[in-house]
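K.L.:
Sharing a structure with you now.
The values are calculated or read from the model by the stated rules, or taken from the named source; none is laboratory data. All values derive from a computational prediction rather than experimental measurement. Here the Cβ positions follow ideal geometry from the backbone for every residue, glycine too, while neighbour counts run over all protein chains shown. Side chains included, ligands, DNA and RNA excluded: accessible areas come from the protein's heavy atoms. Shrake-Rupley method; radii C 1.70, N 1.55, O 1.52, S 1.80 Å.
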Amino acid sequence: MDIIQPVSWSADGYGVRILDQRELPTREVYRDLRTVDDVYDAIRTLSVRGAPAIGIAAAMGVTLALDGTEADRFEVGAKIRNAAARIGGARPTAVNLGWALGRMGRAIVEHRGDPSSLHATLIDEATRVLMEDRHMCQQIGEHGASLIQDGARILTHCNAGALATGGVGTALAAIYVAVQQGKSVEVYADETRPLLQGSRLTAWELRRAGIPVTVLVDGAAASLMRDREIDLVIVGADRIAANGDVANKIGTYPLAIAARHHNVPFYVAAPESTFDPATKSGDGILIEQRSADEVRFGFGSLTAPLDAAVYNPAFDVTPSDLITAIISDRGVHKPPYIFR
Ligand code: MRU
């Protein structure tokens, strides 16, 4: 399969190349990020988005703090720490961001040998973060595909596909692998207000892969389930607490409630880097609040009175008791969930 690469090294090796997701589905625009601030801005503005892709961009991004003039490992360490503090503050909910930056920090601590090789070690570590994510996506896809029957009608929310990861995605990985296994599927993609990751991104990448997709407004999902058009729901995650509570794009929680009401299995797919055993339950997950203008100017024009207050959380938490199973690169986890 021809995998889209939302994050990679730039052709000259001195930057991070991203597919600017704000431009999709109108245009496929790649940009080379040259500085730590460029990477911060790309994550903050959702040019790069999706938990695993954010982590990969962050790991690569901190290396842009180095210019080869560093005198010793202490100077390298200080520059990487400052870069990690900056990029790590770009978005709070996806644990993959801190996870990837933690790996870069550990690579410095564990580095042995000539300090001049530290820069190369950090580039290697960031590349490993990318390659391991690609591998985990494939594993998730294989475990997830076992839950998908031939002819399945699948509902998904937001974008948990190749655009959000270093590989074939998480929720969509299960769909891609099922299709590769010869199963026919029909995907329903929630539009995903307010930024339309479902209609702009999921529908775009599924059509690019030749997979049938129907876009619906978020509010139509429960009716679709009631009409018995859906066999399973599968979504991604931004953070999974030790007890299996899942933070994901706003609108996931009502989808899980509707799925329970209509007896539709509700699956979450995520790699190891999205699990946060240090957070006991969803109550401990910080939910990003985004700008009111994302709601007030929904489609480039005024979509709410300027003086109306706006509630715009980017994520919600789905309690683990609404989740049929969590699919990771390690397998299919069934309740009760205890992640260590
Ligand atoms: O705000 P976004 O677009 O970064 O939110 C993305 C999601 O919520 C995805 O569903 C999640 O990160 C899983 S990505 C494999």
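K.L.:
Here are His111, His119, His143: which of them is at pLDDT 95 or above and surrounded by fewer than 24 Cβ atoms within 10 Å (Cβ to Cβ)? Walk me through how you get there before you give the answer.
P.N.:
Working: His111 fails: at pLDDT 95 or above; His119 fails: at pLDDT 95 or above.
Of the residues listed, the single one that is at pLDDT 95 or above and surrounded by fewer than 24 Cβ atoms within 10 Å (Cβ to Cβ) is His143.
K.L.:
While we're here: Could you pull out every one of the helices (runs of 4 or more DSSP H) wholly within segment 1-114 that has 1 or more residues that are of a type in the set (Lys, Arg) and touching a residue at least 12 places away in the same chain (Cβ under 8 Å)? If you could, list the steps in order and put the result at the bottom.
P.N.:
Values: elements: 36-44, 51-62, 73-88, 95-110.
Qualifying helices (runs of 4 or more DSSP H): 36-44, 73-88, 95-110.
K.L.:
So, one more: Residue by residue through segment 162-195, note down the ones that are polar (S, T, N, Q) and in a loop (DSSP other than H, G, I, E, B).
P.N.:
Thr165, Thr170, Gln181, Ser184, Thr192 - these are the residues of segment 162-195 that are polar (S, T, N, Q) and in a loop (DSSP other than H, G, I, E, B).
K.L.:
Kindly check whether there is at least one residue in segment 196-211 that is open to solvent by 30 Å² or more (accessible area, probe 1.4 Å), assigned to a strand (DSSP E or B) and within 11 Å of the ligand (Cβ to nearest atom).
P.N.:
Within segment 196-211 (the criterion being open to solvent by 30 Å² or more (accessible area, probe 1.4 Å), assigned to a strand (DSSP E or B) and within 11 Å of the ligand (Cβ to nearest atom)), the answer is no, since none of the residues qualifies.
K.L.:
Continuing with this model, one more query. Is one or more of the residues making up segment 208-216 free of Cβ contacts under 8 Å to residues at least 12 places away in the same chain and under 19 Å from Ile175 (Cα atoms)? Let's see the steps before the verdict.
P.N.:
Within segment 208-216, the first condition is being free of Cβ contacts under 8 Å to residues at least 12 places away in the same chain, and the residues that meet it are 210.
Subsequent filtering for residues that are under 19 Å from Ile175 (Cα atoms) retains 210.
Within segment 208-216 (the criterion being free of Cβ contacts under 8 Å to residues at least 12 places away in the same chain and under 19 Å from Ile175 (Cα atoms)), the answer is yes, since at least one residue qualifies.
K.L.:
Next up: It is to be established whether one or more residues within segment 266-283 are polar (S, T, N, Q), in a helix (DSSP H, G or I) and within 13 Å of the ligand (Cβ to nearest atom). If you could, list the steps in order and put the result at the bottom.
P.N.:
Pass one, segment 266-283, residues polar (S, T, N, Q): 273-274, 279, 281.
Next cut, in a helix (DSSP H, G or I) only: 273-274.
Now restrict to residues that are within 13 Å of the ligand (Cβ to nearest atom): 273-274.
Yes, segment 266-283 contains a residue that is polar (S, T, N, Q), in a helix (DSSP H, G or I) and within 13 Å of the ligand (Cβ to nearest atom).
K.L.:
Separate question: Can you name the residue in segment 177-197 that is under 19 Å from the mean Cα position of the chain (by Cα) and of a type in the set (Asp, Glu) and, of all such residues, is farthest from Phe297 (Cα to Cα)?
P.N.:
Asp190
K.L.:
On to the next question. Which one is farthest from Gln289 (Cα to Cα) among residues in segment 178-194 that are within 15 Å of the ligand (Cβ to nearest atom) and surrounded by 24 or more Cβ atoms within 10 Å (Cβ to Cβ)?
P.N.:
Quick first cut of segment 178-194, residues within 15 Å of the ligand (Cβ to nearest atom) only: 187, 189-194.
Filter again for surrounded by 24 or more Cβ atoms within 10 Å (Cβ to Cβ), leaving 189-190, 192.
Details: Ala189: 23, Asp190: 21, Thr192: 16 Å.
Within segment 178-194, the match that is farthest from Gln289 (Cα to Cα) is Ala189.
K.L.:
Just one of the numbered conditions (1) in a loop (DSSP other than H, G, I, E, B); (2) crowded, with 22+ Cβ neighbours inside 10 Å; (3) hydrophobic (A, V, I, L, M, F, W, C); (4) away from the ligand (no atom under 13 Å from the Cβ) is not true of Cys158; which one?
P.N.:
The failed condition is (4).
K.L.:
Mind checking which residues of segment 247-265 are within 16 Å of the ligand (Cβ to nearest atom), open to solvent by less than 30 Å² (accessible area, probe 1.4 Å) and not in a helix (DSSP H, G or I)?
P.N.:
Ala247, Asn248, Lys249, Gly251
K.L.:
While we're on this one: Output the residues belonging to segment 46-74 that are open to solvent by 10 Å² or more (accessible area, probe 1.4 Å) and away from the ligand (no atom under 11 Å from the Cβ).
P.N.:
Residues satisfying the conditions are Leu64, Ala65, Leu66, Asp67, Gly68, Thr69, Glu70, Ala71, Asp72, Arg73, Phe74.
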